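The values are calculated or read from the model by the stated rules, or taken from the named source; none is laboratory data. Computed from a predicted structure; not experimentally measured. Methodologically, a virtual Cβ is constructed for each residue, glycine included, from the backbone with ideal geometry; neighbour enumeration extends over all protein chains shown.
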Amino acid sequence: MAETFQTIISNGKTVELCEEGAKKAVTLKNYEEYIDLVVKTRLNEASKQMEWVKEGIDAVIDLKLFSMLTYEDVIRRACGMDEITVEAFKKITVPKDESKTVKMFWEMFENFSQEERQLYLKYVWGRNNLPSDLSNC
């Protein structure tokens with residue numbers, strides 16, 4: 001059986017590489033075209049998903065700035081600040097009153113280690129870091 005201008009993509013489906021690809025046989029004269037089309041098809045089959053990934057990243061980090069950031073900057077913007085300070089946590093916390101209970105909480109929180117602060121945040125907030133941009137909170 002002769003090879004035709006079709007290929008199997010990652011979901012197991014057979015797709016035609018060009019119009020009437022199922023009828024077009026691969027020959028010595030056109031095998032380079034066939035190879036180019038297979039490579040192009042396989043490299044682009046997840047392009048829609050990659051666009052969605054880019055949209056998600058752009059929602060966290062402006063893609064126009066992405067090339068100017070170090071990997072540490074990207075991690076910090078995506079995952080939040082490494083160190084959890086009391087001052088930073090207070091900026092995003094309600095209530096901001098000075099009741100006895102609130103004062104006791106901050107006193108307790110100040111004495112937590114960074115690991116305990118992360119565990120506390122994970123318990124009450126579902127994440128173990130503060131956001132990198134506290135002004136949006």
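A few notes on this one:
- Failed item, numbered, when residue 88 is tested on (1) under 29 Å from residue 61 (Cα atoms); (2) out of contact with any strand residue (DSSP E or B) (no Cβ under 6 Å at 6 or more places or on another chain); (3) outside the structural domain of residue 62 (by TED's automatic domain parsing): (2)
- Scope the range 46-100; condition outside any loop (DSSP other than H, G, I, E, B), under 26 Å from residue 117 (Cα atoms) and of a type in the set (Ser, Thr, Tyr); matching residues: 71
- In the range 84-105, residue surrounded by the fewest Cβ atoms within 10 Å (Cβ to Cβ) [restricted to those that are of a type in the set (A, V, I, L, M, F, W, C) and over 21 Å from residue 132 (Cα atoms)]: 104
- Exclusive hit being within 30 Å of residue 24 (Cβ to Cβ) and either touching a residue at least 12 places away in the same chain (Cβ under 8 Å) or in the same structural domain as residue 14 (by TED's automatic domain parsing) (or both), set 130, 121, 37: 37
- For the range 23-35, the count of residues that are among the aromatic types (Phe, Trp, Tyr) and more than 30 Å from residue 7 (Cα to Cα) is zero.
- Filtering the range 107-120 to residues that are part of a helix (DSSP H, G or I) and either among the charged types (D, E, K, R) or over 12 Å from residue 85 (Cβ atoms) (or both) leaves 107, 108, 110, 115, 116, 117, 118, 119, 120.
- Scoring residue 35 on the criteria (1) in a helix (DSSP H, G or I); (2) farther than 27 Å from residue 133 by Cβ; (3) in contact with a helix residue (DSSP H, G or I) (Cβ under 8 Å, 6 or more places away or on another chain) leaves a single failure, condition (3).
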